[in-house]
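**Student:** Let me give you the structure first, and then I'll get to my questions.
The values are calculated or read from the model by the stated rules, or taken from the named source; none is laboratory data. Note that this is a predicted model, so its numbers are computed, not measured. Cβ atoms come from the backbone with ideal geometry, glycine included; neighbour counts cover every protein chain shown. These accessible areas exclude ligands, DNA and RNA; they are computed on the full protein's heavy atoms, side chains included. Shrake-Rupley method; radii C 1.70, N 1.55, O 1.52, S 1.80 Å.
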Amino acid sequence: MDVVIADDAVLLREGLRHILERFGHRVVASVGDAPSLLAAVDRHLPDVAVVDVRMPPGFRDEGLRAALRIRTEHPKVAVLVLSQYVERSYALELLESGSGRGVGYLLKNRVGEIEDFLDAVTRVAAGGTAIDPTVVVRLLENRQDPGLERLTPREREVLALMAEGRSNSAIARELVVTEAAVLKHVGNIFAKLLLEPSDEEHRRVAAVLRYLREGAR
């Protein structure tokens, strides 16, 4: 796949380039600020953009703003945002863009876990989601949605893994249960959150957004 990397730290950019190219991906541009990121995406239309949240010129949320603009102007370009710290509102805002498809939010220390990083890049490029497990844990701290409170402990575990972007088969492996058991839990989650039957992926995203919104409050 074609990738654009945007981070003001040269060493991190080169490290990401090395990892991606080593595993057969093509880095079509590597830039250090938000305006250059937008120009690179306009020019190359990559499969995915890997973007730091805080970049020049202001080192605030320029990377996130650029990522959201990319999702609006080029909805087929997936975005994986990297952050130094857990910033829950950023994860929520990113997930809400484009109905939560083709987006991811990882902490930078996750890049060192190469398999997890590559899995996240591949997942968002394929239209899925990838939310850092540490962010999900932080979101567990404050939930007030009555629908969420009706979930059993096991259903909460399943929803937390859904929030990370895991597939049913991956959830089954993580919890050491059958995929049929996971399907049952997912169905119960949809029912308790009063999510009407529709596209399966849409309901998964809707459930995760409910989960993230309550954590961000």
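**Student:** Val48 passes all but one of (1) touching a helix residue (DSSP H, G or I) at 6+ places or on another chain (Cβ under 6 Å); (2) touching a residue at least 60 places away in the same chain (Cβ under 8 Å); (3) open to solvent by 10 Å² or more (accessible area, probe 1.4 Å); which number fails?
**Tutor:** (3)
**Student:** Hey, Lys76 hits all of (1) out of contact with any Phe, Trp or Tyr (no Cβ under 6 Å at 6 or more places or on another chain); (2) in a helix (DSSP H, G or I) but one; which does it fall short on?
**Tutor:** (2)
**Student:** Can you tell me which condition Gly24 does not meet? The list is (1) under 14 Å from Leu118 (Cα atoms); (2) open to solvent by 40 Å² or more (accessible area, probe 1.4 Å); (3) touching a residue at least 40 places away in the same chain (Cβ under 8 Å), and all the others hold.
**Tutor:** The failed condition is (3).
**Student:** Only one of these conditions is not met by Val81: (1) touching a residue at least 40 places away in the same chain (Cβ under 8 Å); (2) buried (at least 24 other Cβ atoms within 10 Å of the Cβ). Which number is it?
**Tutor:** Looking at each condition in turn, Val81 falls short on (1).
**Student:** Would you check if Pro46 is in a loop (DSSP other than H, G, I, E, B) and over 23 Å from Asp132 (Cα atoms)?
**Tutor:** Judged against the criteria, Pro46 is not a match.
**Student:** Give the range 1-30 a look and list any residue that's β-branched (Val, Ile, Thr) and farther than 17 Å from Lys108 by Cβ, or say none. Outline the logic, then answer.
**Tutor:** Looking only at the range 1-30, we keep the residues that are β-branched (Val, Ile, Thr), and these are 3-5, 10, 19, 27-28.
Answer for the range 1-30, where residues must be β-branched (Val, Ile, Thr) and farther than 17 Å from Lys108 by Cβ: Val4, Val27, Val28.
**Student:** I'm trying to understand the selection: among the residues of the range 170-191, which are closer than 17 Å to Ala120 by Cβ and either touching a residue at least 12 places away in the same chain (Cβ under 8 Å) or in the same structural domain as Asp119 (by the TED database) (or both)?
**Tutor:** Residues satisfying the conditions are Ile171, Glu174.
**Student:** Could you please give the count of residues in the range 126-145 that are within 19 Å of Ser83 (Cα to Cα), surrounded by fewer than 23 Cβ atoms within 10 Å (Cβ to Cβ) and either charged (D, E, K, R) or at pLDDT 90 or above (or both)?
**Tutor:** Matching residues across the range 126-145 total 1.
**Student:** Any idea which residue in the range 98-113 is modelled with the highest pLDDT, counting only those that are part of a helix (DSSP H, G or I) and touching a Lys or Arg at 6+ places or on another chain (Cβ under 9 Å)?
**Tutor:** Gly98
**Student:** Quick one: which helices (runs of 4 or more DSSP H) sit completely within the range 152-195 and have at least 2 residues that are crowded, with 20+ Cβ neighbours inside 10 Å and at pLDDT below 85? Step through it out loud before you land on a result.
**Tutor:** On the way: elements: 153-164, 168-175, 179-192.
Where helices (runs of 4 or more DSSP H) fall fully within the range 152-195 and carry at least 2 residues being crowded, with 20+ Cβ neighbours inside 10 Å and at pLDDT below 85, they are 153-164.
**Student:** Please state which one of Val124, Val111, Val103 is in contact (Cβ under 8 Å) with a residue 60 or more places away in the chain and touching a strand residue (DSSP E or B) at 6+ places or on another chain (Cβ under 6 Å).
**Tutor:** Every option except Val124 fails the conditions.
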